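*Asks:* Structure provided below as structure tokens; questions to follow.
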Amino acid sequence: MPDTGPREFSPDWALHPGVYLRRMLEERGIRQAELAERTGLTAKHINQIVNQLIGVSADVAFLLDRALGTDPGFWTRAEADYQARASREKAQQELPELIQWARKFDKVALRRYGIIAAGDDKGTQVEKILRFFGVASPEAFDRTWIQPRLSFRRSQSFTVNEPNTALWLRLVDRSAEHVTVPPLRPAALRKVARTIPAMTNHTVPHGFAVARSALAEAGVILTFVREVPSTRASAVTWWQGPERPVIALTERYRKPDTFWFNLLHEIGHVLLHPRRTTFLDLELEKRTGDGAERDAHDFAENTLLPEGARMRIAAAATREDLLRLATTFGVGVSVVAGQHGRATEKWGMVSSLRGTISDDDICELEQISNAGMPDDDSDSSSMGG
């Protein structure tokens with residue numbers, strides 16, 4: 001019976017294959033140079049294995065099998081066990097740095113969307129966050145999410161939390177992945193845009209549901225992902241492919257008129273600007289310095305209200321005047337109230353007319369956006385709340 005070498009067992013440690021090879025050569029009285037001759041490998045190669053400088057490849061394992069009568073599987077398993085142990089040790093050494101990186105993300109948002117669980121230890125949290133972004137390390141996260149994806153068009157006068165902004169964008173990406181829409185049809189999208197003003201007469205969730213359905217027919221995915229702290233995000237135009245635009249809105253400011261203006265603003269980006277460009281809008285009042293933002297702003301204004309409406313709204317003297325104008329223009333009173341406040345800076349008369357996006361509205365918007373999402377998506381079946 002040939003000597004098949006040490007038998008396999010499952011320790012909680014692992015030795016380099018070179019340790020086993022050294023012992024075997026010593027037990028058999030075989031010099032390294034002799035083994036090199038038997039295998040056809042160089043003496044340097046054998047010495048490097050024995051001194052644990054290099055590993056044992058599958059090819060070398062077969063050569064050792066022929067020369068020593070050992071099972072090649074023993075060598076490949078020993079190599080795999082050693083590499084696995086080395087990887088675990090490296091991961092343990094890097095864990096403090098990874099934990100520090102994971103702390104940059106808003107923990108409430110991570111738990112709300114099921115990315116991490118309340119009982120997870122810090123190491124598990126790190127692994128889950130990396131898997132959520134589909135990257136192997138913080139460096140890969142920066143290369144994949146921060147450097148290319150956050151080179152968005154936005155005002156540079158704000159300081160935003162980049163990890164949380166990437167978190168919000170990944171949530172947007174995930175919420176749209178399961179939605180099926182036809183390729184973008186710009187002409188159909190322009191028609192849908194002209195119907196948005198009438199949708200402002202509904203409650204925000206009901207109008208959003210109608211807009212989502214109409215935009216889907218034109219090839220645009222509309223979704224809602226509540227704001228992640230320190231991002232200042234109001235909305236984004238995000239491309240999942242050259243013919244697959246995604247518009248995402250948040251509840252920032254919690255005002256219906258702002259919500260609807262943001263939607264038309266993003267539709268403007270889809271229609272007017274290069275595809276594959278991410279437009280992340282942070283602050284409504286200061287977004288007009290950039291040329292592309294000015295274009296989208298003008299598109300939203302001109303679509304939301306008919307020509308001459310702003311002068312009549314600004315001239316309104318009473319709440320009743322504003323209510324009549326909303327009926328005349330066929331838009332929700334929140335739109336007219338918000339326009340009057342911005343034109344006159346007299347917010348007292350219109351504050352109650354503008355309305356508020358409530359917590360219940362936010363939950364309903366999330367339910368609409370997550371309808372049909374697979375239960376096992378990113379290890380999460382609970383979204384929102």
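The values are calculated or read from the model by the stated rules, or taken from the named source; none is laboratory data. Just so we're clear, the structure is a prediction, and the values are computed from it rather than from any experiment. Here the Cβ is made from the backbone with ideal geometry for all residues, glycine too, and neighbour counts use every protein chain on show. These accessible areas exclude ligands, DNA and RNA; they are computed on the full protein's heavy atoms, side chains included. Shrake-Rupley method; radii C 1.70, N 1.55, O 1.52, S 1.80 Å.
Okay, residues lined up against (1) touching a Gly at 6+ places or on another chain (Cβ under 7 Å); (2) at pLDDT below 95; (3) among the hydrophobic types (A, V, I, L, M, F, W, C):
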position	(1), (2), (3)
Gln52	yes, yes, no
Arg88	no, yes, no
Leu110	no, no, yes
Asp121	no, yes, no
Lys128	no, no, no
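*Asks:* Can we say Ser57 is within 30 Å of Glu162 (Cα to Cα), modelled with pLDDT of 90 or more and polar (S, T, N, Q)?
*Replies:* no
*Asks:* Under 7 Å between Cβ atoms, at least 6 apart or on separate chains: pull out the pairs that start in segment 342-361 with a residue that is hydroxyl-bearing (Ser, Thr, Tyr) and end on any residue that is in a helix (DSSP H, G or I).
*Replies:* Thr344/Ala314; Thr356/Arg254
*Asks:* Could you check Gln52 against (1) assigned to a helix (DSSP H, G or I); (2) open to solvent by 50 Å² or more (accessible area, probe 1.4 Å) and say which number it fails?
*Replies:* Every condition holds for Gln52 apart from (1).
*Asks:* I'd like to verify a number: residues in segment 337-360 that are assigned to a helix (DSSP H, G or I), hydrophobic (A, V, I, L, M, F, W, C) and under 25 Å from Arg226 (Cα atoms), how many?
*Replies:* Number satisfying all stated conditions: 2.
*Asks:* Which residue out of Asp81, Asp121, Asp71, Asp106 is farther than 30 Å from Ala36 by Cα, of a type in the set (Asp, Glu) and either surrounded by 15 or more Cβ atoms within 10 Å (Cβ to Cβ) or in contact (Cβ under 8 Å) with a residue 60 or more places away in the chain (or both)?
*Replies:* Going through Asp81, Asp121, Asp71, Asp106 in turn, the sole match is Asp106.
*Asks:* I'd like to check something: does segment 303-322 contain any residue that is at pLDDT below 95 and at positive phi?
*Replies:* Yes, some residue in segment 303-322 is at pLDDT below 95 and at positive phi.
*Asks:* Give me the residue from segment 84-103 that is surrounded by 15 or more Cβ atoms within 10 Å (Cβ to Cβ) and not basic (Lys, Arg) and, out of that set, nearest to Phe62 (Cα to Cα).
*Replies:* Leu98
*Asks:* In segment 96-107, which residues are more than 16 Å from Trp168 (Cβ to Cβ) and of a type in the set (Phe, Trp, Tyr)?
*Replies:* Within segment 96-107, Trp101 is the sole residue that qualifies.
*Asks:* Would you say Gln93 is farther than 22 Å from Arg170 by Cβ and part of a helix (DSSP H, G or I)?
*Replies:* Taking the combined requirement at face value, the residue satisfies it.
*Asks:* Also, I was wondering about something else. In segment 266-296, how many are open to solvent by 20 Å² or more (accessible area, probe 1.4 Å), over 23 Å from the mean Cα position of the chain (by Cα) and modelled with pLDDT of 80 or more?
*Replies:* Of the residues in that region, 5 qualify.
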